[in-house]
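The values are calculated or read from the model by the stated rules, or taken from the named source; none is laboratory data. Not measured: the values here are computed from a predicted model. Glycine also receives a Cβ, built like all others from the backbone with ideal geometry; neighbour counts cover every protein chain displayed. Side chains included, ligands, DNA and RNA excluded: accessible areas come from the protein's heavy atoms. Shrake-Rupley method; radii C 1.70, N 1.55, O 1.52, S 1.80 Å.
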Amino acid sequence: MRNALTAVGDRLRRPEYTGENRCLPCTVVNVCLTLVLAAVATVALTPLGGVVVLVGGLGAVYFRGYLVPGTPTLTVRYFPPWLLELFGKDVELRETLQPIEGVAVRATPEGGRLVDSFAAAWDDRIESIRATGASEADVATLLGVDEVSNVGEAAYVVDSGLRQWLSPSALLADAAAAAVLADRGDDAWTSLDPDERVATLRDLRKHLDYCPLCGGALDAEETETVETCCTESERVLMATCLDCDVRLIEDLNDR
Ligand SMILES: [Zn+2]
């Protein structure tokens, strides 16, 4: 009997969300949810119904790590940083993204996510620049300089130096993000020098989940990190558009 139970447990067990990968916030949320459901079942059905829900729910949390599918993503997404920190989860943001924290990205245990209002403005701006491609004025705004001259595909001469982007697609994403940031006139952004701006935009671009040129899905090659809400995930090394095959991200020395 005991062996049979262990076998069933092994089959149900989801190692990516249990054991050392268990997420404390998810577990607490799901246990609370189980208690509420059990209480409802006790009142609406019978005390026995309540017990069945309680045992089933706690079993699911124990073996699978969660009751409601998708909770690991949900807690990371919707829990505020202070609450995650309370549960001992490190929220972090790359150094390059710190100047635009709160404006464009906010810190999460998985290395940050876009602020919703910024993401919407970024999408709009990508669409409006897409038809013509980034202009010299767009690139000047991006770098915070007076003048640039276009000398090739996604290549510009600035103060007698050359600046080149990975692809027109990458430049479009960066020029659109920079235009939104410039509009918001945030001091932390406007005080960055051209090198810092380029580095910030390059890391911000990793948070874009579609091809700015055609709107296609990206084929991202990632390192073999198990994705849970507690461990680091999404260490994207390269991202290429599945539709137009243009490369958006190429980051060989990740972190
Ligand atoms: Zn594309």
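Say whether the condition of being farther than 24 Å from MET238 by Cα and within 16 Å of the ligand (Cβ to nearest atom) is met by at least one residue in the range 131-150. Scanning the range 131-150, I find at least one residue that is farther than 24 Å from MET238 by Cα and within 16 Å of the ligand (Cβ to nearest atom), so the answer is yes. The residues in the range 121-165 that are aliphatic (A, V, I, L, M) and more than 25 Å from VAL103 (Cα to Cα) can be counted, and the count is 8. Residue-level check: of (1) in contact (Cβ under 8 Å) with a residue 24 or more places away in the chain; (2) outside any strand (DSSP E or B); (3) at negative phi, ALA137 misses just (1).
The rows are residues; the columns are (1) modelled with pLDDT of 80 or more; (2) away from the ligand (no atom under 16 Å from the Cβ); (3) of a type outside the set (A, V, I, L, M); (4) open to solvent by 60 Å² or more (accessible area, probe 1.4 Å).
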position: TYR210; (1), (2), (3), (4): yes, no, yes, no
position: GLY215; (1), (2), (3), (4): yes, no, yes, no
position: ASP219; (1), (2), (3), (4): yes, no, yes, yes
position: THR223; (1), (2), (3), (4): no, yes, yes, no
position: ARG235; (1), (2), (3), (4): no, yes, yes, yes
position: ALA239; (1), (2), (3), (4): yes, no, no, no
position: CYS244; (1), (2), (3), (4): yes, no, yes, no
position: ASP251; (1), (2), (3), (4): no, yes, yes, no
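Against the definition (assigned by TED's automatic domain parsing to the domain that holds ARG125, at pLDDT 95 or above, part of a loop (DSSP other than H, G, I, E, B) and away from the ligand (no atom under 16 Å from the Cβ)), how does LEU192 come out, yes or no? In short, yes. With the condition kept exactly as written, say whether any residue in the range 146-154 is farther than 22 Å from GLY216 by Cβ, of a type in the set (A, V, I, L, M) and modelled with pLDDT of 95 or more. Checked against the condition, which is being farther than 22 Å from GLY216 by Cβ, of a type in the set (A, V, I, L, M) and modelled with pLDDT of 95 or more, the range 146-154 yields at least one hit.
Take the conditions at pLDDT 95 or above and within 20 Å of the chain's Cα centre (by Cα) and apply them to LEU201. Does it pass? Judged against the criteria, LEU201 is a match.
One residue alone among GLY111, GLY102, GLY133 is assigned by TED's automatic domain parsing to the domain that holds TYR210, modelled with pLDDT under 95 and within 15 Å of ALA173 (Cβ to Cβ), and that residue is GLY133. The set of residues in the range 166-177 being more than 19 Å from the chain's Cα centre (by Cα) and either in a helix (DSSP H, G or I) or away from the ligand (no atom under 15 Å from the Cβ) (or both) consists of PRO168, SER169, LEU171, LEU172, ALA175.
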